[in-house]
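Below is one structure, written out as structure tokens; comments come after it.
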Amino acid sequence: MTLLITVFAAVIVTVVWYQALPEDTYHVKMLVFMFWGASLMWLVDALFEFAELHAAYFTPAGADMRNDTFLGLSVIALALVIWVVRLLVSDPRHVLASSLRRQISDRKKV
């Protein structure tokens, strides 16, 4: 499930990034690399697990499926948090900077 979830996220983000080319104002390329990197990591993990379990790999327990789903969603959430922090720090549309300037000027007037 982790592989499936991260591959879906990687494909969706790649399409979004490709549509925003050549500007990439919102640093979507960073998300593309994180999701494809995670997908590659889970693919290697799946190959080694298949080599160990063989046919039993295709019949996981329900608890294992839930844990893998939670792990995949957690990886996506962590990548999105890192991306949002990067976006807030870079402030490509200068929204935060202008808001802070406005607050400072309002305080000086009072």
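The values are calculated or read from the model by the stated rules, or taken from the named source; none is laboratory data. Predicted model only: the values in this text are computed from it and were never measured. Note: ideal-geometry Cβ built from the backbone for every residue, glycine included; neighbour counts use all protein chains shown. To get the accessible areas, we keep the full protein, side chains included, count just its heavy atoms, and leave off ligands, DNA and RNA. Shrake-Rupley method; radii C 1.70, N 1.55, O 1.52, S 1.80 Å.
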The range 49-78 residues that are modelled with pLDDT of 90 or more, paired with ones that are surrounded by fewer than 10 Cβ atoms within 10 Å (Cβ to Cβ) (beta carbon under 9 Å, 6 or more apart): PHE50/PHE58
Residue pairs meeting the criteria (Cβ under 9 Å; at least 6 apart or on separate chains; first under 28 Å from TYR26 (Cβ atoms), in the range 95-110; second open to solvent by 90 Å² or more (accessible area, probe 1.4 Å) and part of a helix (DSSP H, G or I)): LEU96/LEU88
Failed condition for ALA20, given (1) small (Gly, Ala, Ser); (2) touching a Phe, Trp or Tyr at 6+ places or on another chain (Cβ under 8 Å); (3) at pLDDT 90 or above: (3)
Odd one out for VAL15 among (1) over 17 Å from MET1 (Cα atoms); (2) at pLDDT 95 or above; (3) under 13 Å from the mean Cα position of the chain (by Cα); (4) not small (Gly, Ala, Ser): (3)
